[in-house]
Amino acid sequence: CEQSYCFCVCLANCLNSIGFLLFPTASDTMSTMRHAAMLLALLSAQVASRPYYKKCGSANFPDASFSAMGGTWSFTSSSSDVTAVGNTVTFSIPTSSVSGIWVQTSDGYPDTSSFTPDSGGCGQQGSTCSGLTNPDVVCSSMGTFNSGSVEVVVRGLNDGNCANVQVALGYSSGYAPGDIITNAFDMCASVTTTTTAATTTAAPTTTAATTTAAPTTTTAAPTTTTAAAGGTSFDAYQFTSSDGAYNAYWYLIPFATNPTIKFFWSVDFSSEGGATDKWAGIGFKTTDSSMGPGFFYVGLSSDGSVLARQLESGSTYPGPASATSDLDPTVVDSNCEVEDDVLHCYVVRSVAGVANSTLNPDFNNNAYELAWAFGDLLNGGFGTVDDHSGTYHNSNRGNSDGTVDFLGTAPELPSLSGDEYWAAWTPTPQGRVDVFFATPASTDIWVGVGFGAGNDAMGPGEFYTGQSDTNAVTDRWLDSGSSYPPAKSSSNILQSGCSSNSGNFSCFFTRSLTATGSESEDLDDDVYIRWAHGDLSDGDISFHSAYGMASSTTALSSITAGSIDGGDSSGSLLYKVHGILMIVAWLFCLPYGIYGARFRDVIGMGKDDAKSGPPLWWRIHQPNQYIGVLLMIAAIVVIFVQAGPMTAEFLAGTFSGGVHEIVGITAFALTLMQPVFAFCRNGCCEDDSTTEGKAKIDSCHNVWHIIHAICGYGALVLALAAVGMGIAEIQYSADWPILFVAGFAVSVGAMFLFSVIAIALLFGKKVAKSKYTKDAEAQNESPRATSHPWLAGALFICMLSGAICCAVSVGTLE
């Protein structure tokens, strides 16, 4: 009978789960929530509560009214922008017992989400609902879990789904009736506070937002110090011992596939004669009365290694983390080093612990006390279980005053965002900086970050680029201007790497904050941050597809810089303007004016007309040349404004190695000589009223014609070569866009073709003239003049069309 009753209760609960809860729409204010609940009374018999399942594949939670439950909800965001790639939003809901969980957004489930209760009984849903696109949003176990808060970690928020993030809990207390508690958050606005709290009551209310400097659920926050170990300027420690000898700092690694945390701890051994043969450790334990149960990392000054140790109970020597070694499978990286009598150590490990270990800490679900200690090494090591007397810490040990929420007290790192680009950084206790940068993942791409004291050009500046083909980071330097930054002969990178994960290609590096040599930026000073990403070409970085520069300076030694605007790619506009001006000048204006002057007799524009003024060829030639020269001058001014002076270092860093720039400047100089020489074409102050003066004028004019032709044709040839190389220069790639190739071929091809035709017609005219008969000459006859004005019209159309195609191609470069 009792079993039948239990079956009936379970059946009733299952029926209630088919759609009984209807979520009202959220109000317009941030973190506002509405709720409805209904009490399902059990007549008798103490029956364990069951989770309220969302039916597999259905769109709604149970749509009946359940009795509302009180409680204060809060959420924290690892970034001020909840839609930032890799951002994590964590909801904390204090409960006494929860048996089910559900999260969805306004357009469905987040891309990734996970549910992490504080203590067992309810795991993620995996195989029970194959029809669900993202099946881990609902707890699948029939058990319950108690004590502490429930955390719902939600990722994958974007502009389309962050307006209505809904969280619902199947809630019960022991054998009491089950209830539903819900909340909805409008999270599209940037989160300027680190914690936003909402209180749920029996009636719909407006949530109150609260701001705290560092979100934490610790019973007693760890001490924060502004004193720095080893005399460095680091001031972001979350914990320091009462005597100031021991300090600890930690932060969450950005863009990591799995949530990862990095712990630093430092001990000043100057009062003990130095850090030779010393050890320092950090630990995480669950009780204030003894070391165990606890998990510890012990750093050695002798070889820089970090040992993982654990202790099940009591306060004694901690043994290896496993039966076979001191290795911890959650550790990604670790190291120790000595600097000025200070032992600095760090360990990078996953936030989650080992599944089958009760000692390895899982920082998602539990708050631990921070334990610390340091002492002497025994024969260069930490000793063994049987022989460790020389390594005892004596009174050099302690723990935090209560538990610490390590995730909640991790700082929000300074960050920068641009067009499909994100970067974050943090100073470290050793006087270094850890820098992380990312862009959406793809094949054969690169991503980079740079630093410089000025903001008028890329250089002088130091740049770090990561490539997807090698997963390596390269240190580069650009002395001036804005061009390709070559790799440095001596890198200041201490540690680096790249990986593709969670839809991102991300890289990191560690280096000293201070400059290391002449080709290095001092990141302890205020610098402008540059950023860029693009495609690889022949195993090297090519011209960036997007880049920008921060609008203000920042010192990377500060942990409080906040979120920085990365600017846009407006600098590329000046390169495009330069290219377009040169294209119009040299693919249309100047060569068309040259053609009209040189072949004026063929196209019928060579005759003077006393009534209408100068001949037609002159009226075409002169304005075209002056307009072309003005366009060239404007283009030169634009490029020098953008790129700066053309130093040897600048030229060496360009795609052509300076050939484009030298050829272009030579063509520019030859072109500028033309109007200057034109003022002297008839001599200088010669008197044309005398025979001698006329002779000098004729002589000067003949010499000028020769110089004018040499400079003009020489400038044209050089300029066409410079324009052709320019498209490779701006892309930093030899791959010409198809539209540019077509336009360049049409314009230059038309120049050549119509010049050949005009030369042939001139030659034919000369041959025809030589065949005049003596009779025709005697009769004072001349052959009929033949002109071909269609040549000028056809050339005009071809050259203008080609120039337009090239200009559009340059203007639309990404």
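The values are calculated or read from the model by the stated rules, or taken from the named source; none is laboratory data. Fair warning: this is a prediction, and the values are worked out from it, not measured in the lab. Cβ sites come from the backbone with ideal geometry, for glycine too, and all protein chains shown count toward neighbours. Note: accessible area is taken over every heavy atom of the protein model, side chains too, but ligands, DNA and RNA are not part of it. Shrake-Rupley method; radii C 1.70, N 1.55, O 1.52, S 1.80 Å.
How would you rank 745-755, 260-270, 498-508, highest first, on the average number of other Cβ atoms within 10 Å across their residues? All intermediate terms of the calculation are to be shown ahead of the outcome.
Details: 745-755: 17.9, 260-270: 22.4, 498-508: 20.5.
Packing proxy ranking, top to bottom: 260-270, 498-508, 745-755.
What's the long-distance tail for region 248-374, i.e. % of Cα pairs beyond 16 Å? Please list the in-between numbers first.
Values: 4899 of 8001 pairs.
The calculated P(r) of region 248-374 puts 61 percent of pairs beyond 16 Å.
Binned at 5 Å from 0, what are the whole-percent values of the Cα-Cα distance distribution for region 338-420, short to long? That works out to 3, 10, 12, 17, 18, 18, 12, 6, 3, 2, 1, 0, in percent per bin. Both radii are taken from the alpha-carbon atoms of region 239-284; with Rh as the Kirkwood radius, Rg/Rh is 1.11. Counting pairs of alpha carbon atoms under 8 Å apart in space and at least six apart in sequence, what relative contact order in percent does region 264-377 give? Taking the mean separation of contacting Cα pairs over the length of region 264-377, I get 32 percent.
Going by average Cβ neighbours within 10 Å, how do the peptides 294-303, 376-385, 271-280 rank, with the highest at the top?
Numbers: 294-303: 22.0, 376-385: 15.5, 271-280: 18.0.
Going by the mean number of other Cβ atoms within 10 Å, highest first, we get 294-303, 271-280, 376-385.
Scaled to the globular estimate 2.2 N^0.38 Å, the Cα spread of region 612-765, given as radius of gyration, is 1.32.
What net charge do the residues around residue 788 carry, taking every other residue with its C-beta under 11 Å from that of residue 788, with Lys and Arg at +1 and Asp and Glu at -1?
Numbers: positive: 765; negative: 601.
Every neighbour counted, the sum reads 0.
A viscosity of 1.567 mPa s and a temperature of 4 °C, combined with the Kirkwood radius over Cα pairs in Stokes-Einstein, give a translational diffusion coefficient for region 327-479 of 65 µm²/s. Only protein atoms count toward the accessible area here, which uses a 1.4 Å probe; on region 397-508, the carbon and sulfur part of that area reaches 45 percent.
If packing is taken as the average count of other Cβ atoms within 10 Å, what order do 578-588, 331-341 fall into, highest mean first? Could you put the intermediate results ahead of the total?
Numbers: 578-588: 25.3, 331-341: 16.6.
Top of the packing list down: 578-588, 331-341.
The 3J(HN,Hα) values that the Karplus relation (6.51, -1.76, 1.60; θ = phi - 60°) gives for region 745-753 are, in residue order, 5, 5, 5, 5, x, 5, 4, 5, 4 Hz. Gly and Pro appear as x. Legend: residues 531, 704, sorted from most to least accessible area (1.4 Å probe; ligands, DNA and RNA excluded), read 704, 531. Mean sequence separation of contacting Cα pairs (under 8 Å, at least six apart), scaled by the length of region 493-578, corresponds to a relative contact order of 20 percent.
Can you give me the Kirkwood hydrodynamic radius for region 459-534, using every pair of distinct Cα atoms, in Å to one decimal? Each step should come with its number before you reach the end.
Values: mean 1/r = 0.0754 Å⁻¹.
Across region 459-534, the inverse of the average 1/r is 13.3 Å.
When only the Cβ of Lys, Arg, Asp and Glu is charged (+1, +1, -1, -1), the dipole of region 477-618 relative to its Cα centre reaches about 740 debye.
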